[in-house]
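The values are calculated or read from the model by the stated rules, or taken from the named source; none is laboratory data. Please read these numbers as outputs of a predicted model, since none were measured by experiment. Note that we place each Cβ from the backbone using ideal geometry, even for glycine, and neighbour counts take in every protein chain shown. We work out accessible area using only protein heavy atoms, side chains counted, and drop any ligands, DNA or RNA first. Shrake-Rupley method; radii C 1.70, N 1.55, O 1.52, S 1.80 Å.
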Amino acid sequence: MGGCFSGDLSGGKQAIGGVQQRPTSMANDAAHNDAIDFFFRSRGQFPLFSQIELSLSASNLVDRDITSKSDPMAVMYLKKRDGKLEEIGRTEVVLNNLNPNWIEKITINFHFETVQTLVFHVYDVDTSFHNVPVKTLKLKDQDFLGEATCVLSEIMTRPNQTVTLSLSRNLGPCGSKNRGTLAVHAEETVASKSVVEMAFHCCKLDNKDLFSKSDPFLRISRVTEAGGTVPICRTEVVDNNLNPVWKPMHLSTQQYGSKENPLVIECFDFNSSGNHELIGKMQKSVAELENLYRERRGANFIYPSNQNGADKVLKGQLFVDRFVEKVQYSFLDYISSGFELNFMVAVDFTASNGDPRSPSSLHYIDPSGRLNSYQQAIVDVGEVIQFYDSDRQFPAWGFGGRTFNGSVSHCFNLNGTPDGYEVAGVDGIMAAYSSALRNVSLAGPTIFGPVVDKAACIASQSLSQKSRKYFVLLIITDGVLSDMRETIDALVRASDLPLSILIVGVGNADFKQMEFLDADNGRRLESSTGRIATRDIVQFVPMREVHSGQISVVQSLLEELPGQFLTYVRTRNINPVGAPAS
């Protein structure tokens, strides 16, 4: 699923779009997360808000690079009552540009009854981080370019819902010298399930390179009512090709407005310096693109005149190879029609956790009732998932422990019975866990493969029965894997199944392996036989960041789970119960 920015780009090419590939964005539910909303509504919390999408651009930024221009990225925060900043979102990185027009939008819920103070920080991202996903960038490693602040209602009450802010080094009564400006444009998102899938190719493009052919990519922008343009989509770069074919892209009604709304389609030659050279441009609406597809004809690019003369019509043409209008259902469309999330849990019983009788142990059961990290993870995740599971019968296993028969097992039933691995509800998991600590000796090593395979087996059986179930396996661990290769192989095999895996790391171990399994760098896992995972099914959450208040388990789990679920059902053309076949 390519979304609005497709393809794995090498070198700095990731930064021309940098838009995170989020399958939920194709149904307009990426930022406004159905699952989080449903979770809070189930607790009787019904906020009154409008969902707002903010587009950012900047002018005359400070140049921090010596041999090139800055590579800017913007970060938006919400200032809380205590003065602390809560990060809301980040743009992509734009290479070598002091006047960036970012394509990645930042979404926020506009609460009418509260004052929402927004703080924007702009950074120059170091070249060494250009292939790192923006959400994992450590901001302290980047050069700070400037900051600005405003109140959200200030933007919403402007006639064109746009405000231009001066960037400064430090806010306050004195401020500092001007460091450029930041323009913020707000639009209320419109809930629409209608999307258009289009695939493009070009022929006979002008060559802009001396010693090779151009490396073309397309950028599509929507023309606003005020006459400006807002970029909404980019293709991947096709290397060294004057007749490029791009992967399909999806445009939602929210992005293009209406089928008659004009779109500006520009073709650029990618340059690693960031100075992408215009090959040609045209203005077409979605309706006109549909006609190109139906009539099987191309449209000529033009090159704008520098003077007042006529624009030059080029030989290069754009063709629409695919045009399909479809409905893309949201996560809640599936859940409300009868699809369920089934919770499973696997607990680490390796010796590195420490003797459960010692207060320093990660498995220590505090007589005062204070939960240890394992118990906290079970409660936090189970509390969320149980809302989506009707029978609340949860498979529960342990691994890495010496069990009742004296042998070390890497997948044993947590309740101690030889056959039944299901327990009743979150309380049942907690009781089985406490009982296992009294009856299982901690051993090792840390091996995930068997529990992943066990969960995959259950998901596979459910799939063969055509049941409307999607499984979520929670693995809680403190250690470094001893079967990394086998675990990757198991995860790649499981990527075809209705299964997601949440790994919660407890303690202070080095969790680089878990971050690799999470595959948030955009590279899907590859098995020992060279097979690539069908999709990313792993989400890793370090409990120490939960305890320090940096992240929420609920938010972390539900951030990626709906997207993983939607990727699964959409690639298999599975619609909600009762919905017409696509």
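Annotations
- Checked against (1) over 23 Å from PRO248 (Cα atoms); (2) in contact with a Pro (Cβ under 8 Å, 6 or more places away or on another chain); (3) not basic (Lys, Arg), ASN306 passes all but condition (2).
- Residues that are at pLDDT below 90 and open to solvent by 60 Å² or more (accessible area, probe 1.4 Å) within the stretch 74-83 comprise LYS80, ARG81, ASP82, listed in sequence order.
- Counting only strands (runs of 3 or more DSSP E) that sit wholly inside the stretch 419-535, those with at least 2 residues that are open to solvent by less than 10 Å² (accessible area, probe 1.4 Å) are 469-477, 499-505.
- Taken over the stretch 283-333, the criterion of being in a loop (DSSP other than H, G, I, E, B), open to solvent by less than 80 Å² (accessible area, probe 1.4 Å) and not polar (S, T, N, Q) is satisfied by GLY298, PRO304, GLY309, ASP311, TYR329.
- Flag if CYS233 is modelled with pLDDT under 95 and in a strand (DSSP E or B): yes
- Residue in the stretch 315-350 that is farthest from HIS410 (Cα to Cα), counting only those that are modelled with pLDDT under 95 and touching a Gly at 6+ places or on another chain (Cβ under 9 Å): SER337
- Residues of the stretch 177-201 that turn out to be loosely packed, with under 14 Cβ neighbours inside 10 Å and of a type outside the set (D, E, K, R), as a count: 3
- Matching entry among ASP348, ASP355, ASP311 (being of a type outside the set (Val, Ile, Thr) and farther than 30 Å from LYS454 by Cα): ASP311
- Per-region count, the stretch 267-318, residues under 30 Å from PRO72 (Cα atoms), touching a residue at least 40 places away in the same chain (Cβ under 8 Å) and touching a Phe, Trp or Tyr at 6+ places or on another chain (Cβ under 9 Å): 8
- Among the candidates SER358, SER373, SER409, residue that is within 17 Å of MET543 (Cβ to Cβ) and either surrounded by 24 or more Cβ atoms within 10 Å (Cβ to Cβ) or of a type in the set (Ser, Thr, Tyr) (or both): SER373
- Selection over the stretch 107-123 of residues that are among the charged types (D, E, K, R) and open to solvent by less than 60 Å² (accessible area, probe 1.4 Å) gives a count of 0.
- Any hit, the stretch 93-106, residues being open to solvent by 20 Å² or more (accessible area, probe 1.4 Å), touching a helix residue (DSSP H, G or I) at 6+ places or on another chain (Cβ under 7 Å), within 18 Å of THR162 (Cα to Cα) and of a type outside the set (D, E, K, R): no
- Listed by position, the strands (runs of 3 or more DSSP E) contained in the stretch 106-195 that have at least 3 residues being modelled with pLDDT of 80 or more and within 26 Å of THR67 (Cβ to Cβ) are 117-124, 143-151.
- A single member of ILE279, ILE265 is touching an Asp or Glu at 6+ places or on another chain (Cβ under 7 Å), of a type outside the set (Lys, Arg), at pLDDT 95 or above and open to solvent by less than 50 Å² (accessible area, probe 1.4 Å), and it is ILE279.
- Single residue of the stretch 224-262 satisfying the filter (touching a helix residue (DSSP H, G or I) at 6+ places or on another chain (Cβ under 7 Å) and charged (D, E, K, R)) that is surrounded by the most Cβ atoms within 10 Å (Cβ to Cβ): ARG234
- Each residue in the stretch 202-214 was checked for being in contact (Cβ under 8 Å) with a residue 60 or more places away in the chain and surrounded by 17 or more Cβ atoms within 10 Å (Cβ to Cβ), and 5 of them qualify.
- One residue alone among ILE378, ILE335, ILE365 is under 18 Å from VAL451 (Cβ atoms) and touching a residue at least 40 places away in the same chain (Cβ under 8 Å), and that residue is ILE378.
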